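Every read-out reported here was derived from the displayed coordinates using simple, explicitly stated rules and does not represent laboratory data. From a predicted model like this one, the values you see are computed outputs, not experimental measurements. Heads up, the Cβs are rebuilt from the backbone with ideal geometry, glycines too, and the neighbour counts pull from every protein chain shown.
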Amino acid sequence: MLTPNKVFVDTITTQCALLLQDDRMDGTNNSGPPRATRFSIPSYYQDKDLHGLYLPSKDILVLEGSVIGYGQGHNAFGSCDVPSLVLESYKATHNTHALPLRNEEKRRIENGDTVTMKRLDVGVNLDLPEDVPASRALVELAHEMIDKGMNTSAYGFGETVYRNQYSQSSAQKFYDKLKELLDTKGLPANLPNRDAILDFLRTKIRSEIVLRYPKLKAMDMTTPRECTFAMLKSELENAFRRLKLSGSVRAGLSALDLRDLKPMYRTTYRLWEHGDDLETLLEAKAYQRHIAYFESLGFDITTPPSTSGKEYALGDIFTLSNAVAPPPELWNGEDDAECALA
């Protein structure tokens with residue numbers, strides 16, 4: 001059962017119409033275009049700032065970023081309470097003096113009267129069998145999505161898989177969150193439970209749906225209060241329902257992370273693992289070169305692969321029934337956002 005503690009909202013983009021004030025950005029360093037000011041809302045945690053764009057001619061404020069990351073130092077999991085998260089972002093903008101708000105503006109924001117949702121990234125963490133690395137499951141997912149004619153983009157050979165990546169309405173992505181955090185040093189050194197959070201992600205695949213303004217408008221989700229858990233759950237269910245997966249991924253051989261192979265040999269390994277005749281598919285010299293490479297890794301591709309590894313259906317992995325909540329000791333599920341702007 002999909003419950004609120006299994007769902008989180010990562011990147012949020014909102015637009016707010018303020019009250020015209022000529023002195024709004026006095027003393028602020030303008031690093032943007034002449035009629036626009038870009039600024040950051042500093043977080044206690046390194047590299048977790050929110051970002052703002054102020055358009056003085058219309059007195060419009062645009063805020064973007066991961067509010068859960070801003071508040072808790074990571075976006076591995078977190079709250080899905082959109083109204084509270086949006087309010088937290090505007091409160092941070094005011095309290096850090098990135099862009100001070102007047103009392104009437106704060107009241108209007110609290111009421112949700114002037115805030116428009118422009119983007120919402122809604123995610124879940126999917127449990128993964130311990131003997132199947134994320135890269136192997138993602139490679140098989142990408143191949144099946146392509147075989148089914150889905151608009152698929154894949155990066156890093158088992159790192160990130162997109163469906164409808166460039167859609168201006170909605171998209172879905174699956175990726176190895178642990179690798180992303182390790183590659184980008186995405187967890188601050190002073191983060192509480194840092195190692196435990198990394199351990200939690202070692203057997204997880206991250207899935208997110210990206211809802212942009214046309215989709216939000218069509219679903220009547222253009223204000224924070226309209227972005228209820230029921231609506232988020234419905235959009236997640238619709239996205240996963242469209243996958244209709246029938247393939248599988250096999251453990252055992254999958255202990256080899258294809259990302260550790262030289263790119264020219266990754267497809268060869270997958271073909272061999274699936275029982276294809278490499279001697280027919282490769283030219284003689286290339287075949288010998290590939291044999292030598294895999295022998296150096298302890299694999300004999302001249303003989304059929306073992307079939308003893310357990311097969312896991314992709315549909316059992318990439319499903320909302322496989323979504324998991326973080327352990328209580330890592331996150332108690334309470335939202336730190338105040339009820340009102342200070």
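Near the amide H of Thr319, within less than 5 Å, lie no amide hydrogens of residues on another chain or at least 5 residues away, with H placed in the peptide plane.
Here each label is just a point 7 Å from Cα along the line to Cβ, and for Ser246 and Lys217 those points are 3.8 nm apart.
Does anything in the range 53-77 have its amide N under 15 Å from the 7 Å Cα→Cβ label point of Arg38, and if so which residues? Backbone N within reach: 53-55, 62-65. Kindly state, to the nearest 0.05, the FRET efficiency for Lys262 paired with Asn238, given R0 = 56 Å and r defined as their beta-carbon distance. About 0.90, to the nearest 0.05. For chymotrypsin sites (Phe, Trp or Tyr not before Pro), the sites in the range 164-262 that DSSP calls loop and that have at most 14 other Cβ atoms within 10 Å are Tyr166. Listed by chain and number, the aspartates and glutamates placed with their C-alpha closer than 19 angstrom to that of Lys285 are Asp276, Asp277, Glu295, Asp300; residues fewer than eight positions away on the same chain are left out. Across the chain, the relative contact order, built from alpha-carbon pairs under 8 Å that are at least six residues apart, equals 22 percent. When you filter the GluC sites (Glu not before Pro) in the range 110-156 for DSSP loop state and at most 16 other Cβ atoms inside 10 Å of their Cβ, you are left with Glu130.
May I ask you to compute the full-extension gain from His51 to Asp195, defined as 0.36 nm times their residue separation minus their alpha-carbon distance, rounded to one decimal in nm? Don't skip to the end; give the middle numbers.
Details: separation 144, 0.36 × 144 = 51.84 nm, distance 2.76 nm.
Extending this stretch completely gives an extra 49.1 nm.
Footprinting exposure proxy ranking of Tyr213, Tyr70, fewest other C-beta atoms within 10 angstrom first, gives Tyr213, Tyr70.
Straight-line cross-link reach from Lys48 at under 17 Å between alpha-carbon atoms covers these aspartates and glutamates, not counting any fewer than eight positions away in the same chain: Asp10, Glu64, Glu88, Asp121, Glu180, Asp183, Asp336.
By the rule of a C-alpha distance below 25 Å, with chain neighbours fewer than 8 residues away ignored, the lysines paired with Lys310 are Lys148, Lys177, Lys179, Lys204, Lys244. Annotation: extensible slack from Arg289 through Leu182 equals 35.3 nm (criterion: 0.36 nm per residue apart, minus Cα-Cα distance). Using only the Cα atoms of the range 252-309, build the gyration tensor, take square roots of its eigenvalues as a ≥ b ≥ c, and label the shape rounded, prolate or oblate: rounded if a/c is under 1.5, else prolate if a/b is larger than b/c, else oblate. Note, shape of the range 252-309 comes out oblate. Which net charge results when you count Lys and Arg as +1 and Asp and Glu as -1 among the other residues whose beta-carbon is under 12 Å from that of Thr160? Within the 12 Å Cβ shell, the charges total +1.
Once you have the Cα-Cα distance between Thr280 and Leu297, take 0.36 nm times their residue separation minus that, and quote the gain in nm to one decimal.
Details: separation 17, 0.36 × 17 = 6.12 nm, distance 2.24 nm.
Taking Thr280 through Leu297 to full extension adds about 3.9 nm, to one decimal.
Backbone phi angles across the range 58-67, fed through the Karplus curve with coefficients 6.51, -1.76 and 1.60 (θ = phi - 60°), yield HN-Hα couplings of 10, 6, 10, 10, 10, 10, 8, x, 8, 5 Hz in residue order; Gly and Pro are listed as x.
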